[in-house]
Each structure stands twice: as C-alpha cells, then as structure tokens.
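Worksheet: one structure, shown below.
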Amino acid sequence: MPSQKPHATADMTSAVISLEAISKTYRRRWRHHVPALRGVTLHVAPGEVFGLLGHNGAGKTTLMKLVLGLVRPTGGTGSVLGRPLGDRRARAAIGFQPEQPYLYPLLTVSETLAFFAELAGLRRRTRAAACRQAAARCGLGPVLAKRVGELSRGWLQRLALASAIVHAPRLILLDEPLGGLDPDARLQIKSLVRELRAEGCSILLNSHLLPDVEDVADRIAILARGEIVTTGALRDLLQPDAGGIEVTVRGDVPASWRARAQLQPVGGADASGHARWLLPPEQVAALQPLLQALLAAGTQVMAVTPRAERLEQLYARVTAVGPDREGDGRHRGGPRASVPAATARQVVREEEAA
C-alpha cells in the first residue's frame, strides 16, 4: 500500500474526474439493450492514483471511454478537468495508454514519440526535449532507433506509456500498463507512476495485477456488472487483521499443530533461529490453544503479529458469491458482485464495437 502521501479525497468542485449517477446502455439488437454502467458515482482528486478494478465486462473500459469522451452516457452527469464529458479542451490535457496499443509498425520509436508530441500540439521547439524526457522516464533508450514492428510486447507497453505522457498531461488513463512487462520494468513503471503523482498528475489505473495496484493506488473502486461494489482509500478498506496472524517462535512447532491449525511457514529460520509461521484467517480462533501448546512443548513464542488484509483478499471478499447472496451475484439489499459469463461477453463485445 502506498505511503508516500496522505490519501486524497475529492468533491464535485475540485475533482479531476467527477461522475454522478452515470449509466451507459448499449443497444445490441432491436429492443435489446445491454447495460454497461448502472448509476456510477466516482470522484478522482488532483494528484491521486485511483485504481479501477473489476472482472472482464464489469464496465471499466466503458468508464474510461466516457472519461475520454469516446462514448456518451445514457444517464447521469459528469465532468473531466472541470469541463463537461467529451470537451475537447479537457481531452487535450489527458494522456491515455490503451491495453492494446495501436502504433504504426514502420515508424521508429523516436518517430512515434515525435508523432504523438505533434498530435498533442507541442510546439516544434519544445517537441524534441519532451520526447527525450518521456523516453528516458520509460527506459526506451536501447530501442529508440528500432521500428515499432520489431518491438516485444513489453517494449510496446513502455512506448505506449511514453506516448501518453509526452505532453505532460494533467490526467493520465492507464489501461493494463504493466501487462507483458518483466519484474524490473514493472518496478520502473510503478516508480514513474509515483513520480507523476508527486508532480500533481492524476492517474486512473485499470489493472488486473492487484498487488501492483496496491503498491501505488491511493483509492480504488471495484466494479461488478456496471455497479460500484466498494470504493474508498485502501487504508480504510483493508481490514487490519484479516490477513491472518504471524507467529514467530524459537524451537520446533509440533507436527500435529501444524496440521490442525493449518500453519504455513513464512521463509526459513533466521540467523537467530527464529522461525515465522502464518496462522490463516480462518484459523484465528485456534491462536490461544496453539500458543498454550507451544509453551507446553518448550517452544519460545517471540512475537504474535496480526497481518493486514491484502487487496487480493478484499477483492475476493467483496466479489465472491456466497450463501448470503442471490443467484445473480447480488448482495441482498446491495450491489451485484459477480458477472455471469454470457453477460460479460456481451458487454465486452458491445464495448469493443462502440
């Protein structure tokens, strides 16, 4: 979870993105409509990284298209950078990295950056410096002279991100920016996201890589079937002890208790002979008997540390279908929390066709 700055909050007057009761319905066939967004209210503050999460077909792509002005809402109101949805002046201050970058394969990386800088309206005298800076920030130095058609997926992702930030936008929309990147590149891009936030840029991040989102996001929204299931600051949403309890000991843990409490080793013993074991969340009630058994066996208990919930656990918790939910995945009295496969495919096809 990011700790570089206090989490931001947004209201209707200061928000970079402000959506109020937004709905979007695609017409599929005669008298047949597919709702992609249902009453979505969302605000993104200046200088904030906002994570947008959800299953395929949950409405994330449609929401991004609305912010970009590529589709119009069926209902509700919204603004981007203080301008109405679809306003051209607002779009000029937005950078966008799509999940599948569409770039000219015969241009070199340098030519591609120059092309996007010109499209963004940068003046000729500042264009070259802006391209150099964007290339350096995204680590494109080794491939500047290569043609786009020769690049691997990882390099294409970097180039798409550099193209999105070359004009120093106030708002950046990133759609799966870390897909296809090796670990070093992912670390570099996450560092860049933090730098952009520190410079006052707002970022709307759509990704299925939940640990990476947890690393950089200030706030998140989880969508399911076009509705927001939960939203807020990560530090408020993640339960402080829902990740289980870590028990640090010196000595052996009886095999019977390893099985009974479903203990999981956390690495190996350190130089002091201390070993860490994780008591999973569903076994927390066994903590007291476990500690008594360890002391009776002569094992020293050095520390007992609750583990905070991770974003992956939160996501599973709020989107799972359980016995307290109806068959369509909706909480009784709450928003839908799962997506039937057929409906998801329909929505995705409609989003792609829009």
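Contact order for the range 245-306, expressed relative to its length and based on alpha carbon pairs under 8 Å spaced 6+ residues apart, stands at 50 percent.
Computed from the Cβ-Cβ distance with R0 of 25 Å, the FRET efficiency linking His32 to His208 stands at 0.30. No solvent, one uniform scatterer per C-alpha: report log10 I(q)/I(0) for the range 39-131 via the Debye equation at q = 0.20, 0.23, 0.25 1/Å, two decimals. Taking Cα atoms of the range 39-131 as identical point scatterers yields -1.14, -1.28, -1.36.
The Cβ shell under 15 Å around Leu119 holds other residues with a net charge of +3, Lys and Arg each +1, Asp and Glu each -1.
Estimated from helical segments only, the mean residue ellipticity of the chain at 222 nm is -9500 deg cm²/dmol, where each DSSP H run of four or more residues counts as -39500 (n - 2.57). Ordered by the number of other Cβ atoms lying within 10 Å of each residue's own Cβ, fewest first, Glu246, Glu312 fall into the sequence Glu312, Glu246. Classify the range 117-208 from the C-alpha gyration tensor, please: rounded if a/c falls under 1.5, else prolate or oblate depending on whether a/b exceeds b/c. Oblate shape, in that a/c is at least 1.5 and b/c is the bigger or equal ratio. Here the scattering of the chain is modelled by Debye summation over its C-alpha atoms, one equal scatterer each and no solvent; at q = 0.14 Å⁻¹ the log10 of I(q)/I(0) is -1.15. Dipole check for the range 142-187: with +1 at the C-beta of Lys and Arg, -1 at the C-beta of Asp and Glu, and the Cα centre as origin, the magnitude is about 160 Debye. Reducing the range 141-192 and the range 92-120 to their Cα centroids gives an inter-centroid distance of 11 Å. Would you please classify the overall shape of the range 17-65 from the alpha carbon gyration tensor, given that a ≥ b ≥ c denote the square roots of the eigenvalues, rounded means a/c under 1.5, and beyond that prolate means a/b larger than b/c while oblate covers the rest? Prolate shape, in that a/c is at least 1.5 and a/b is the bigger ratio. With a Cα cut-off of under 27 Å and a minimum spacing of 8 residues unless on different chains, the lysine pairs in the chain number 7. Semi-axes of the equivalent ellipsoid for the range 61-187, computed as √(5λ) from the eigenvalues of its C-alpha gyration tensor and ordered from largest down, come to 27, 18, 12 Å. In units of the compact-protein estimate 2.2 N^0.38 Å, the range 245-306 shows a Cα radius of gyration of 0.99.
Plainly put, the range 142-297 has a radius of gyration that is 1.14 times its Kirkwood radius, both from alpha-carbon atoms, as the Rg/Rh ratio. For the range 25-162, the relative contact order works out to 18 percent when only alpha carbon pairs closer than 8 Å and six or more residues apart are counted. When the chain is treated as a GNM with alpha-carbon contacts under 10 Å, the residue of His32, His167, His208 showing the greatest mean-square fluctuation is His32.
Fewest-first ordering of Phe50, Phe115, Phe96 by other beta carbons within 10 Å of each residue's beta carbon gives Phe115, Phe96, Phe50. Summarising the strand pairing of the chain, around 70 percent of its internal DSSP beta bridges are antiparallel. Annotation: extensible slack from Ala259 through Leu144 equals 35.9 nm (criterion: 0.36 nm per residue apart, minus Cα-Cα distance). When its C-alpha radius of gyration is set against 2.2 N^0.38 Å (N residues), the range 105-153 gives a value of 1.11. Highest GNM mean-square fluctuation among Pro169, Pro281, Pro101, for the chain modelled with Cα contacts below 10 Å: Pro281. For the options Val284, Val266, Val143, a Gaussian network treatment of the chain with springs between C-alpha atoms closer than 10 Å singles out Val266 as fluctuating the most.
Here, each number is a calculation from the coordinates, and none is a lab measurement. Note that the structure is predicted; figures quoted are calculated from it, not measured. All Cβ positions, even for glycine, are placed from backbone atoms using ideal geometry, and neighbour counts span all protein chains on display.
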